[in-house]
1. Please state the relative contact order of the chain as a whole percent: Cα pairs under 8 Å, 6+ residues apart?
2. Tell me, in nm to one decimal, what length is gained between residue 150 and residue 165 on full extension, where the rule is 0.36 nm per residue of separation less the Cα-Cα distance?
3. Determine, for each peptide in 146-156, 109-119, the mean count of other beta carbons within 10 angstrom over its residues, then list the peptides with the highest first.
4. Just order 82-89, 136-143 by mean Cβ neighbour count inside 10 Å, highest at the front, would you?
5. How large is the convex hull of the Cα atoms of the range 109-170 per residue, expressed in Å³ as a whole number?
6. So, with a 1.4 angstrom probe, what is the percent of accessible area on the range 110-162 that is carbon and sulfur?
7. On average, how much area does the Cα convex hull of the chain cover when viewed from any direction, in nm²?
8. Lys and Arg at +1, Asp and Glu at -1: add these up for the other residues within a Cβ distance under 11 Å of residue 19 and post the number.
Amino acid sequence: RRAKARLEIGVEIEGMDPDQQVARLEKLIVRLGGFPDRDLIHQITECGRLGLRTGGQALAERMCAAIMDVLDDGENGATAAERRVPLFYALDSVVKNVGDVFQPLLSVRVRAAFGRAFAACAEKDKTRLHHVLRTWNEKSIFAEHLDELNALVAPWHAALVARASAADAAAGP
């Protein structure tokens, strides 16, 4: 199924000019909405991979800007906090699976965007973002920002662990 989707996305994007490729990415981001749909995340990743291959650094820069502009747009009602978490999953997938140019381009704005997303999201989404951050720690992704990102998440994580310990103690043996 993924190979077929990759082929379909590849055929679709191959014939597009850079403006059309960025518009395609933006449509996928909108469709992603508030749920981290694996197929859409995969399509966003493939869009990045093919965009890099067909348009090089310049197109990769435009694609990164499209992703980060949505993450940064906290004032826009259409970009609710719950939409940011699935987009971080997509960003994570692009960086892990395409890497190359994308990690340094996204790195410029990822710390601030992650901080805003973490501050604005619900508890379940904080857990999801914490999971993404743990994988970044394991793979040294955005290494120059990891200390700051870990410090940002640490108070929330400590409170989560304390609540879990208190619940365990209250439940008894």
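The values are calculated or read from the model by the stated rules, or taken from the named source; none is laboratory data. Owing to the predicted nature of the structure, the values given are computational and were not obtained by experimental measurement. Don't worry about glycine lacking a Cβ; one is built from the backbone with ideal geometry, like all the others, and counts go over all protein chains shown. Only protein heavy atoms, including side chains, enter the accessible area calculation; ligands, DNA and RNA are left aside. Shrake-Rupley method; radii C 1.70, N 1.55, O 1.52, S 1.80 Å.
1. RCO, the chain: 20 percent.
2. Values: separation 15, 0.36 × 15 = 5.40 nm, distance 2.11 nm.
Full extension from residue 150 to residue 165 adds 3.3 nm.
3. 109-119, 146-156
4. 82-89, 136-143
5. Value for the range 109-170: 80 Å³ per residue.
6. Its accessible area is 59 percent carbon and sulfur atoms.
7. 11.6 nm²
8. Around residue 19, the charge tally is 0.
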